[in-house]
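What follows is a set of notes on a single structure, which appears directly below.
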Amino acid sequence: MGILTEDIKKMVRQQRMGFIATASQDGLPNLSPKGTMAVWNDDCLMFADLGSPHTIANLTINPVCEINIVDYFARKGYIFKGSAEILTAGELFDQIHEYITKNRSGRAFPSKRYVLIHITEVSQVISPGYAAGQSENEMKQQWSNYWESVQLENS
């Protein structure tokens, strides 16, 4: 069994949006959302490069990265630390492209690169809101109500 448990994989599949943190050669941080974040296997996450010049440039120089994926309603998630591998061609690239296309209703992404992140460490992140004794269902209801009000406000 790898580092990614079934509960972690389920959460990643459901959320699909992850934020990847990288650093430039000068040590400047870059945080970038990735809406194609997916589980590749028991030890790796991956995403399609759909327009991430800073992320790719940083990972080319320094492959170490951190990814945060959070359920916005439950206010729980995971922090993944690992090392990225940038794929531009080959059998693994083709396998990932086929997987991503199949799992996105047959739509191909205009991606010339995929990034495979070999996960070395996973830790859970939980909102301090739980410290007040709120249950997960109460937390989800609170944030569902909030986002519903935001949508009504914007209509």
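The values are calculated or read from the model by the stated rules, or taken from the named source; none is laboratory data. Remember, it's a predicted structure, so these values are computed and weren't measured experimentally. Using ideal geometry, Cβ is built from the backbone for each residue, glycine included, and neighbour counts are taken over all protein chains shown.
Scan the range 93-122 for residues that are aliphatic (A, V, I, L, M), at pLDDT below 95 and touching a Phe, Trp or Tyr at 6+ places or on another chain (Cβ under 8 Å) and jot them down.
The answer is 96, 100.
Going through the range 10-22 one residue at a time, which ones are surrounded by 12 or more Cβ atoms within 10 Å (Cβ to Cβ) and within 11 Å of the chain's Cα centre (by Cα)?
11, 12, 13, 15, 16, 17, 18, 19, 20, 21
Search the range 140-155 for residues that are small (Gly, Ala, Ser) and pair each with any residue that is part of a loop (DSSP other than H, G, I, E, B) and surrounded by 12 or more Cβ atoms within 10 Å (Cβ to Cβ) when their beta-carbon atoms are under 7 Å apart and the residues are at least 6 apart or on different chains.
Final answer for the pair search is 144/73.
Check 55, 120, 88, 101 and return the single one that is within 16 Å of the chain's Cα centre (by Cα), over 19 Å from residue 30 (Cβ atoms) and among the polar types (S, T, N, Q).
Going through 55, 120, 88, 101 in turn, the sole match is 120.
Within the range 65-98, which residues are out of contact with any helix residue (DSSP H, G or I) (no Cβ under 7 Å at 6 or more places or on another chain), more than 30 Å from residue 136 (Cα to Cα) and among the β-branched types (Val, Ile, Thr)?
If the condition is that a residue be out of contact with any helix residue (DSSP H, G or I) (no Cβ under 7 Å at 6 or more places or on another chain), more than 30 Å from residue 136 (Cα to Cα) and among the β-branched types (Val, Ile, Thr), then 88, 96 are the ones that fit.
Closer than 20 Å to residue 118 by Cβ and either under 12 Å from the mean Cα position of the chain (by Cα) or in a loop (DSSP other than H, G, I, E, B) (or both), is that true of residue 27?
No; evaluated as a whole, the condition is false for this residue.
Taking the criterion of being under 30 Å from residue 134 (Cβ atoms) and in contact with a Lys or Arg (Cβ under 9 Å, 6 or more places away or on another chain), would at least one residue in the range 37-52 satisfy it?
Yes, the conditions are met somewhere in the range 37-52.
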